[in-house]
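One structure is given below, encoded as structure tokens.
The values are calculated or read from the model by the stated rules, or taken from the named source; none is laboratory data. Note that this is a predicted model, so its numbers are computed, not measured. Virtual Cβ from ideal backbone geometry, glycine too; neighbours counted across all protein chains shown. Just so you know, the surface numbers come from the protein's heavy atoms only, side chains and all, with ligands and any DNA or RNA stripped out. Shrake-Rupley method; radii C 1.70, N 1.55, O 1.52, S 1.80 Å.
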Amino acid sequence: MKRRANEDPVLFLDSGMGGLPYLRHFRERNPGEDLVFVADRRNFPYGNKDRDTLAKLLSSLFARLVAAVHPKLVVLACNTASVSALDSLRKEFSGLPFVGTVPAVKPAVLNSRGALAGVLGTERTIADEYIQSLAGKFNPACRVMGVAAPELVEFVEYALDGASKAERLKVIRPYVEQFRAAGADSIVLGCTHFLFLLDEYRELAGTDMTIYDSLSGVAARAESLLSRQGLRGGTGVRPRCFLTGGEEPGAWEKRAGDFGLDLVLFDRPGGEAA
Ligand code: DGL
């Protein structure tokens, strides 16, 4: 692997648009860094795949991404990818720092007034033992109730742009009520797609439940790794959004533009990588 340099970009990856709020948050705090966002739409959704399948597909995608982009740091802006493949990617690309995104279970169980924290994620994330192990490590007296919400991922990916405030509230209400009825005093947003509905979760949670996310924790971790390794700085080039898969870019043209990204079709079937 070529030596990493300050002017290399920081790469953010998700299966779709979930990682975009993470990129935006990082960019606001670090305007000097060059950024590449990868939306792996070819393999969307990640949440219904098993650990091995995800580890394999991410390993093969990163081999192509590293060759094409040469990132200095990677943020896996996806809980499902992180709980499934962070360890194997770190081993395989040993010179490249990876920052994972995992559900903010630690603050939720540490601050819990009762004995139950709620975690909302994909099927794969909720099934992963990592979630329960975090709870056990930081506050064994607090139980964790994991709920998988694949249809919320689909809603954000496909229907959010045209959805009214009332429709957004409607789609998350059953989940919030499920946690409330069980006596949870927190809801951890354990899927990056759910950040697009943060205001709605907060509104429905009211004062009896706290909503936790990992936006600032992930940005802080990436910043500290860059500083520690002397890798701060960029060239000021406009950030790009790499879109994998064979579908027409469609909504992604606008979406990338809304986030200030230039769209690049990457890794198309039968085509050359960008
Ligand atoms: N955004 C991803 C996460 O944080 C997963 C969505 C999917 O199922 O692809 O888990």
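Looking at the square roots a ≥ b ≥ c of the eigenvalues of the Cα gyration tensor of the stretch 86-155, which shape do they give, rounded for a/c under 1.5, prolate if a/b is larger than b/c, or oblate?
oblate
Give me the aspartates and glutamates in straight-line cross-link reach of Lys91: C-alpha distance below 18 Å, same-chain residues under 8 apart excluded.
Asp52
Rounded if a/c is under 1.5, else prolate if a/b beats b/c, else oblate: with a ≥ b ≥ c from the C-alpha gyration tensor eigenvalues square-rooted, which is the chain?
prolate
Out of Gly16, Gly162, Gly233, any idea which swings most in a Gaussian network model of the chain, alpha carbons joined below 10 Å?
Gly162
Sequence neighbours fewer than 8 away in the same chain don't count; with that in mind, list the lysines whose C-alpha is under 25 Å from Lys254.
Lys165
Of all trypsin sites (Lys or Arg not before Pro) in the stretch 180-243, which ones are in loop regions per DSSP and have a Cβ with at most 16 other Cβ atoms within 10 Å?
Taking the stretch 180-243 and a limit of 16 other Cβ atoms within 10 Å, the loop trypsin sites (Lys or Arg not before Pro) found are Arg232.
Ignoring ligands, DNA and RNA, what percent of the accessible area of the chain is carbon or sulfur (1.4 Å)?
For the chain, the apolar C and S fraction of the accessible surface comes to 51 percent.
Need one word for the stretch 127-274: rounded, prolate or oblate. Basis is the Cα gyration tensor (sqrt eigenvalues a ≥ b ≥ c); a/c below 1.5 gives rounded, then a/b vs b/c decides.
Judged from the Cα gyration tensor, the stretch 127-274 comes out oblate (a/c at least 1.5, b/c at or above a/b).
Evaluate the charge dipole of the stretch 37-100 about its Cα centre and quote only its size in Debye, nearest 20, assuming +1 on the Cβ of each Lys and Arg and -1 on the Cβ of each Asp and Glu.
Details: 9 positive and 5 negative charges, 27 e Å.
Roughly 140 debye, rounded to the nearest 20.
Leaving ligands, DNA and RNA out of it, work out the accessible area of Asp8 with a 1.4 Å probe and give it in Å² to the nearest 10.
We get 20 Å² for Asp8.
Are there trypsin sites (Lys or Arg not before Pro) in the stretch 45-135 that DSSP puts in a loop and that have at most 16 other Cβ atoms within 10 Å, and which ones? Write out the running numbers ahead of the final one.
Numbers: sites: Lys49, Arg51, Lys56, Arg64, Lys72, Arg90, Lys91, Arg113, Arg124; in loops: Lys49, Lys72, Arg113.
Within the stretch 45-135, the qualifying trypsin sites (Lys or Arg not before Pro) (loop, at most 16 other Cβ atoms within 10 Å) are Arg113.
What list of ³J(HN,Hα) couplings, whole Hz, do you get for the stretch 185-200 from phi and the Karplus terms 6.51, -1.76, 1.60, once you set θ to phi - 60° and write x for glycine and proline?
So the J values, rounded to whole Hz, are 10, 8, 10, 8, 7, x, 8, 5, 4, 6, 4, 5, 10, 4, 4, 5.
Got a sec? Charge dipole of the stretch 192-249, +1 on Cβ for Lys and Arg, -1 for Asp and Glu; which of Leu243, Ser227, Ile211 is way out at the positive end?
Most positive-ward Cα: Ser227.
Report, ordered by chain and residue number, the lysines lying within cross-link reach of Lys106, taken as a straight Cα distance under 20 Å and ignoring same-chain residues fewer than 8 apart.
Lys137
Which angle from 0 to 90°, rounded to the nearest 10, does the C-alpha axis of helix 215-228 make with the longest principal axis of the chain?
So the helix axis and the longest Cα principal axis differ by about 40 degrees.
Per residue, what accessible area does the chain have, given a 1.4 Å probe and all protein chains present, in Å²?
Working: 11530 Å² over 274 residues.
Accessible area per residue: 42 Å².
The stretch 45-124 to the stretch 159-228: how many Å between their Cα centroids?
The stretch 45-124 and the stretch 159-228 have Cα centres spaced 18 Å from each other.
How high is the relative contact order of the stretch 84-205, in percent, with contacts defined as C-alpha pairs under 8 Å that are six or more residues apart?
Computed value for the stretch 84-205: 33 percent relative contact order.
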